[in-house]
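Coordinate-derived values only; no laboratory data. Since the structure is predicted, the reported quantities are computational estimates derived from the model, not experimental observations. Cβ sites come from the backbone with ideal geometry, for glycine too, and all protein chains shown count toward neighbours.
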């Protein structure tokens, strides 16, 4: 692999790691900035209500049952008055798709454990 391609690949890997870190710790950043996360939760809830009431068919990341993975995941989706009309799956590398599948499997296993506890 030529040096410039290796550098570009490293830059992409570093960017992905930075985005993943920012997403994982966004709530902490909000709390550090204003001392609480309730305002962020309220803003998101208000925006979802607005999208539904106005039937905007807006693309937003939202938790919805995804039949492909058999569990509820937060994915970009088209949201309107009738709920999610379409789940959008961004282009992913094989590694990213495997990571998403592992997350879905973890959620399914946790759901089964909780269901078993509820039945007891």
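Label-to-label distance, residue 10 versus residue 81, with points set 7 angstrom from Cα along the beta-carbon direction: 5.5 nm. Taking 0.36 nm per residue of separation and subtracting the current Cα-Cα distance, fully stretching the chain between residue 43 and residue 89 would add 14.1 nm. Normalised by residue number, the volume inside the convex hull of the Cα atoms of region 58-119 is 87 Å³ per residue.
May I ask for the percentage of alpha-carbon pairs in region 28-87 that lie more than 20 Å from each other? When all Cα pairs of region 28-87 are counted, 37 percent exceed 20 Å.
Taking all Cα pairs closer than 8 Å and separated by 6 or more residues, the relative contact order of region 58-119 comes to 25 percent.
Each label was represented as a point 7 Å from its Cα along the Cα-to-Cβ direction; for residue 111 and residue 60 these points are 2.2 nm apart.
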